Structures are given as structure tokens and as C-alpha cells.
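The structure appears below as C-alpha cells.
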Amino acid sequence: MAPLENATKTAEGVVVNGFVVSPIIDKCEGCDRIREFDGQQFCSSYPQPDRKWAGGRCNFATHAKVQTTAAAKVNPLKASKRAAKGR
């Protein structure tokens, strides 16, 4: 795990590039974007990880895979025309 760069500890908390960052939550465990600073783990992409997970899945999460429902439905008429053209 790489250290959090440009981080400083202030009275408000840990500040990175002018943003106060919050520690990660349990849903973030296993993500490649986790960085460590002063014995705590933080997200390197978003300052408030709990807010990213509030709407469902974090779009920065590298460990959470997107579930695909079904294969795209192909129109048989268009498929036959493509096959006739040689595509």
C-alpha cells in the first residue's frame, strides 16, 4: 500500500491538496486506490468515501465488478444483411 502523498495532519483532520479527507469504510477494503497515512487508510481518489457508496456502488472502486445482465439483443434481419455484406 502506497503512502498518501502531500498529506498533512491539521486540527480539522488529514488534508490533501486543500481537501479534508475521511478514512475509508468497510466497503472500500480491497480497492487499489487505498493509501495509508499516519496509521489510517484513505481513498486517493475521493475525500469522502462514505458519500460515494451512499448511492450504491462507488464508481472509483477497482475491486467491485459490474454485473452485466444479458447479451445485447441482435435484430436477425440486420444480422443477415451484415453477413451478406461481409461484415
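Below is a table of values for the structure above.
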quantity: Residues located in the stretch 42-87, provided they are exposed (fewer than 13 other Cβ atoms within 10 Å of the Cβ) and either in contact with a Phe, Trp or Tyr (Cβ under 8 Å, 6 or more places away or on another chain) or not in a loop (DSSP other than H, G, I, E, B) (or both); calculated: ARG51, PRO76, LEU77, LYS78, ALA79, SER80, LYS81, ARG82, ALA83, ALA84, LYS85
quantity: Where ILE25 falls short, out of the listed (1) closer than 16 Å to ALA64 by Cα; (2) within 12 Å of the chain's Cα centre (by Cα); calculated: (2)
quantity: When residues of the stretch 24-39 are limited to those that are buried (at least 16 other Cβ atoms within 10 Å of the Cβ) and not β-branched (Val, Ile, Thr), the one farthest from ASP50 (Cα to Cα); calculated: PHE37
quantity: Subset of the stretch 6-28 (residues that are outside any strand (DSSP E or B) and either touching a residue at least 12 places away in the same chain (Cβ under 8 Å) or hydroxyl-bearing (Ser, Thr, Tyr) (or both)); calculated: THR10, SER22, ILE24, ILE25, LYS27, CYS28
quantity: Candidate set from the stretch 30-46 (those that are closer than 17 Å to GLY18 by Cβ and hydrophobic (A, V, I, L, M, F, W, C)); member that is farthest from the chain's Cα centre (by Cα); calculated: PHE37
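Yes/no matrix, rows are residues, columns are (1) modelled with pLDDT under 90; (2) small (Gly, Ala, Ser); (3) closer than 19 Å to ALA7 by Cβ:
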{"site": "PRO23", "(1), (2), (3)": "no, no, yes"}
{"site": "PHE37", "(1), (2), (3)": "yes, no, yes"}
{"site": "GLN41", "(1), (2), (3)": "no, no, yes"}
{"site": "TYR46", "(1), (2), (3)": "yes, no, yes"}
{"site": "GLY56", "(1), (2), (3)": "yes, yes, no"}
{"site": "ALA61", "(1), (2), (3)": "yes, yes, no"}
{"site": "THR68", "(1), (2), (3)": "yes, no, no"}
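The values are calculated or read from the model by the stated rules, or taken from the named source; none is laboratory data. What you are looking at is a predicted structure, and each value in this text was computed from that prediction instead of being measured. Here Cβ is always computed from backbone atoms with ideal geometry, including for glycine, and neighbour counts include all displayed protein chains.
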